[in-house]
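Take a look at the structure below.
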Amino acid sequence: MGYLKPALIHAKFFPALQGAKSKMSSSNENSAVFVTDTPERIAAKVMSASSSGLTAEEHRQMGGNTETDTAFQWLTFFELDDDKLADIAFRYTATPEQLKAAGKERLMSSGIKQILTKTLQPIVALHQKMRARVTDDMVAAFMTPRPLCL
């Protein structure tokens with residue numbers, strides 16, 4: 001059509017903690033991790049996140065599904081090391097034979113949730129620390145209308 005593509009086409013949204021079929025909402029406190037959550041609350045929310053939908057035994061036999069595991073989906077946003085993310089995905093999805101051949105151990109949903117918790121807690125803590133340093137004067141200066149210099 002000759003027009004620039006809207007930015008939304010390039011965006012990927014976080015799934016709600018209850019899974020991709022639900023949505024995040026401020027009215028549902030357990031649908032997301034908020035920047036005001038305590039480390040304990042973050043851990044509780046992440047541990048209650050939707051998993052791959054398999055039983056533990058099915059997961060051990062066939063491997064998990066990263067497409068339906070909410071904790072893994074969130075890790076794709078926060079884990080900057082592609083090799084580490086690929087290793088987590090492999091250990092989660094591989095068959096027992098593949099794991100044995102690679103000399104690696106199975107990673108269950110609870111393991112991915114622990115990794116995500118340890119990833120999110122420092123990020124939220126840093127945000128809270130920096131937010132606490134913001135004063136009313138800083139907010140007023142930021143919100144004061146002023147002419148644009150283009």
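Bear in mind these aren't lab numbers, they're just calculated from the coordinates by the rules spelled out. All of these numbers come straight from a predicted model, not from anything done at the bench. Neighbour counts run over all protein chains shown; Cβ positions are idealised from the backbone, glycine included.
Size of the chain from its Cα atoms: along the principal axes, largest to smallest, the extents are 65, 49, 30 Å. Each helix, a run of at least 4 DSSP H residues, gives -39500 (n - 2.57); summed and divided by the residues of the chain, these come to -15500 deg cm²/dmol at 222 nm.
Compute the length gained on full extension between M143 and D81: take 0.36 nm times their separation in residues and subtract their Cα-Cα distance, giving the result in nm to one decimal. Mind showing how you got there, number by number?
Working: separation 62, 0.36 × 62 = 22.32 nm, distance 3.70 nm.
Result for the pair: 18.6 nm of gain on full extension.
The alpha-carbon atoms of region 1-62 define a convex hull whose volume equals 161 cubic angstrom per residue. Net charge around G103, counting only other residues with Cβ within less than 13 Å of its Cβ (Lys, Arg = +1; Asp, Glu = -1)? With Lys, Arg at +1 and Asp, Glu at -1, the net is +1. Summary of the geometry: region 80-150 and region 29-47, compared by the centres of their Cα atoms, lie 13 Å apart.
Could you tell me which helices of the chain pass both thresholds, a Cα extent of 20 Å or more along their own axis and a mean Kyte-Doolittle hydropathy of at least -1.0, with helices taken as whole DSSP H runs?
In the chain, the long hydrophobic H runs are 109-132.
Taking 23 Å as the limit for the C-alpha separation, the pairs K12/K100; K21/K129; K45/K104; K5/K84; K45/K118; K21/K104 exceed it in the case of K12/K100; K21/K129; K45/K104; K5/K84; K21/K104.
Using a Förster distance of 41 Å, how high is the FRET efficiency between S110 and L4, based on the Cβ-Cβ distance and rounded to 0.05? Spell out each step's value before the answer.
On the way: r = 44 Å, r/R0 = 1.07.
Rounded to the nearest 0.05, the efficiency is 0.40.
May I ask you to order 37-48, 21-32 by the average number of other C-beta atoms within 10 Å around their residues, highest value first?
On the way: 37-48: 15.9, 21-32: 12.2.
Highest mean packing first, the order is 37-48, 21-32.
Per-residue packing, averaged as other Cβ atoms within 10 Å, sorts the ranges 125-133, 91-99 into the order 91-99, 125-133, beginning with the highest. A simple packing score, the average count of other Cβ atoms within 10 Å per residue, orders the peptides 112-122, 74-84 as 112-122, 74-84, with the highest score first. What is the log10 of I(q)/I(0) for region 23-91, computed with the Debye formula using one identical point scatterer on each Cα and no solvent, at q = 0.19, 0.20, 0.27 Å⁻¹? Scattering profile of region 23-91, log10 relative to I(0): -0.89, -0.95, -1.22.
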